[in-house]
Each structure stands twice: as structure tokens, then as C-alpha cells.
Amino acid sequence: MSTSASSEQLFARALQLIPGGVNSPVRAFRSVGGTPFFVKSARGATLITADDRELIDFVCTWGPAIHGHNHPRIKAAIAAALENGTSFGTPNPYEVEMAELIVKFVPSIKKVRMTSSGTEATMSAIRLARGFTKRDKIIKFSGCYHGHSDSLLIKAGSGALTHGHPDSAGIPASFARETVVLPYNDRAALDAAFAANPGQIACVIIEAYCGNVGFIMPDAGYLTFLREVTAKHGALLIFDEVMTGFRIARGGVQEREKIVPDLTCLGKIIGGGLPVGAFGGRADVMDYLAPLGPVYQAGTLSGNPLAMAAGIASLRMLEDRHIYATLDALGLRLRNAVVAAAKTKGIPVQVPQCGSMFSIFFTDTPVRDYDTALKGDAKRFTKFFHACLDNGVYLAPSAYEAGFLSTAHDGHAIDRACEVMTAAINGL
Ligand code: HOZ
């Protein structure tokens, strides 16, 4: 691989061959403008670009890098697994160890099935919920993004929202009709949806803490309400914890909020940076999956030994719960720096933050759903984003994505980031 080409040269070549020059839309920088940088290596909290710039990274590969990039223990685990082969197409010992760790850390999960991405996990969980309940309709919330399967790409966040297509083209209206979309945090809307579709709702899927329209937390008691309403109507509750799992707490949002969902979708951290997803939950529901049950789901690379080895190493490092206190302190420091700078400068800002996830919305309206997230001043965010990037701090290139921290952000990285963000706000 040639590493001497600049980001600009690489992007020009990519544009000829890859739609938009990228393999995932948000990476194209279209909503913030400019040429995306290419990364040739990463270590700890730092990315090294093709142009030899060092950037303090607050995207953390969109979540997986909770221990920082290129962690020696994860690298060593992959190297050791590599000695034995890359893929077997048979069961392997790593996937059993992975299942044991997931079940231990997330008690609502009694059985788990591995996939190769979060999209596959949510898509399969929805099919399973439909098969189990023998109902067709599902409920999702506007701004929640659960990957790019047809049932779920309706009023979606992330790149779909960033690029102005929250309802993707290519989804038949007949499919979309089976997805009921409600505002996040709105109890009356949920009650009304169940009343309007009696006995028809298979499941409610939610990003328990939303990370794809920026970072948004539910109102106190909202998740408990969801749990009660779904149970009352015989619908399954699916927590999409692809981003939040093992990050907000070791047992995810469900541990922090003390909720027991029926199914949980996972990804990101459980792959240690390699492509992985998983879904799991109640044993009676999971046993509806083939080969035991009638709901089909499969994958050639599911439980891939390299991905499992990386994920196991990543999860093992979370046995030490002190990591979460460190992450909480780092997240709070960043939040306080941004809020203090904005206050001094008289700029309205909301910085929802929990542990190592955060967002910066330039608005005086508290952000609690899709509509209020859209009130954030995207032009101001763009200016802030570029001021940070010019000074070596990389935030997600969209006003509608969450920021992520890792344990490697301790020390110099967080000091420097607070300085840079403060100066960026002063310059707005
Ligand atoms: N959909 C991801 C963030 N919510 C972006 C993935 C990527 O571009 O790598």
C-alpha cells in the first residue's frame, strides 16, 4: 500500500471509483465541507493522517476504541489468533468465550448470536421479534439510527439525516408502512400508537441513549415506561446498544437504568475494532432462531476467530470497572470546558454527556428529541468543527453524531482538547 499520497490525492482517486469517495457517507465531510482526511495509522487517542498530521480523535472509530487505538493487548490477541487461521466456517472456541463474557456482563442476555455488523444485529433482532410474536408492525423513534436495513431506515439519524435523506429512497412504501415512527421521549405518542394498532406491534426498538442525532438521553422514567407499555401489549422491547453497550456502563444503558429489555443489539466494542455485531436476550425468544426455530439468520463470517479474539481482549479489559470512573471524569471535564467557554462568550450551547459519550449542540433549547436536535445551529457547528480540526482535534464531521472518548484520552489529550475547544468557541 502506498502511504506517500496526500489526503487530497487519495480522495481524488477515491472519487473516481467509490461513490462520494467513501465507504460510509458521513466520512465524506459533505455537511461540514472540505476534503476528508485519510488516516494511515492510529495509536491511543491519536490519528496520524496521510498528510502526517496528528489529531486527537473524538470519534474513536465511532465507538469501538474504548481503550484507545491499536491497544497492545488487542493487537497481541489478534496476532495470536492469526497464527491459527483467519476463518474456519465452523464453530470455534473463541465464540463460546465471547458468548460467556457477553452473558456475564449483560444479565438480560441469556443467549446470544454473533453477526458481522450492528446493521445485521438489528435487522435480525427485528425479524426474530416478528417471528416470535407473529406480528408485523414495529415501532422506532425518529432520529434513532439502527443501521441501514429497510425496516429501520425511516426517519433515521446518522448519515441519513446528515445528508438530508432520513427516509432513504429504495424502500418500498409497503415495507415502510410496517414501521411506526414516533418522537423519542413522548409517552402519549407511544400510548396512542399501541391503541391505534391493537395486537399488531411486534416490538419497540430504541437506542436507549440515542447517539445518532447527536447524543440524547431519555427523560427520567421514560425507559421504565417503555418497558411497562411493551410488556402490557405483548410487544418485545429491543435495546439497540451497539454504541452504548459496554460504554455507558459495563452492562450498557440497561445496567445504568436498571431495565431488562427482551432483546439487545450489540456491536462496536465487542469487536475490538474488527467487524462484529451481536444480538441476544431471552432464551425463549432466542430459541426461535434457526436451527432450533423457524426464524432464519446466518453468516459466513459470524463469530470470526480474529474478530472474536479482538473483542474478547477488549471486553476482558473492562473487568476492571475503574475504567468507567476514568471515562466519566474525562467526559465531564470536556463538557465543563465547552459549557464554561460558551457561557463566557455568551453563546447558547447544550452539551448532553454521559461518561464517554457527548454532543455539542449550539442552541439554547434543551435537546431531547429529533426536532430539538435540529434546532442546533449547524453553521456554527461547522465553524467550530473546522477550528478544532485546524488545531489538531477531530470531532465527528456532522452536527448529528455523538462524540466518543477512550481511556487513552487521559492526560495530555484531554488538556489539549479542552484548550482547543475553548479557543474554538472564543473564535465563533
Ligand atoms: N453510521 C456511523 C455513525 N453513526 C458512521 C460509520 C462510519 O462512517 O464509519
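Read the figures in this text as sums done on the coordinates, not as results from a lab. It should be emphasised that the depicted structure is a prediction, and the values quoted were computed from it without experimental measurement. Reconstructed Cβ throughout: ideal geometry from the backbone, glycine too, with neighbour counts over all protein chains shown.
Quick look at the numbers
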{"item": "Net lengthening on full extension, Glu319/Ala220 (0.36 nm per residue, minus Cα-Cα)", "result": "32.8 nm"}
{"item": "Backbone HN-Hα couplings from phi across segment 159-173 [Karplus 6.51/-1.76/1.60, Hz, Gly and Pro as x]", "result": "x, 4, 6, 3, 9, x, 10, x, 10, 5, 5, x, 9, x, 4"}
{"item": "Sparse-neighbourhood loop sites, trypsin sites (Lys or Arg not before Pro) in segment 99-169 - DSSP loop, at most 10 other Cβ within 10 angstrom", "result": "Lys134"}
{"item": "Of Ser41, Ser359, Ser174, the one that fluctuates the most in a GNM where the chain has Cα springs shorter than 10 Å", "result": "Ser174"}
{"item": "DSSP-defined beta bridges in segment 230-353 - what % are antiparallel, rounded to 5", "result": "55 percent"}
{"item": "Global form of segment 348-399, assessed from the alpha-carbon gyration tensor, a/c cut-off 1.5", "result": "oblate"}
{"item": "Two-site FRET efficiency, Phe175 against Thr300, from Cβ-Cβ distance with R₀ of 25 Å, rounded to 0.05", "result": "0.45"}
{"item": "For segment 365-370, Karplus couplings with θ = phi - 60° (6.51, -1.76, 1.60), whole Hz, Gly/Pro x", "result": "8, x, 9, 9, 6, 4"}
{"item": "Packing rank of 207-220, 239-252, where each peptide gets the mean count of other beta carbons within 10 Å, highest leading", "result": "239-252, 207-220"}
{"item": "Global form of segment 107-251, assessed from the alpha-carbon gyration tensor, a/c cut-off 1.5", "result": "rounded"}
{"item": "Label point distance in nm, Leu17-His412, each placed 7 Å from Cα along Cα→Cβ", "result": "3.5 nm"}
{"item": "Shape of the chain, Cα gyration tensor, a/c cut at 1.5", "result": "oblate"}
{"item": "Helix-only CD estimate at 222 nm, as mean residue ellipticity for the chain, using -39500 (n - 2.57) per DSSP H run (n ≥ 4)", "result": "-11000 deg cm²/dmol"}
{"item": "Loop chymotrypsin sites (Phe, Trp or Tyr not before Pro), segment 79-125, which have at most 16 other Cβ atoms in a 10 Å radius of their Cβ (DSSP)", "result": "Phe88"}
{"item": "Ascending count of other beta-carbon atoms within 10 Å, so fewest first, for Met286, Met114", "result": "Met286, Met114"}
{"item": "Amide H contacts of Ser359 (H built 1.01 Å from N, under 5 Å, at least 5 apart or other chain)", "result": "Phe215, Gly403"}
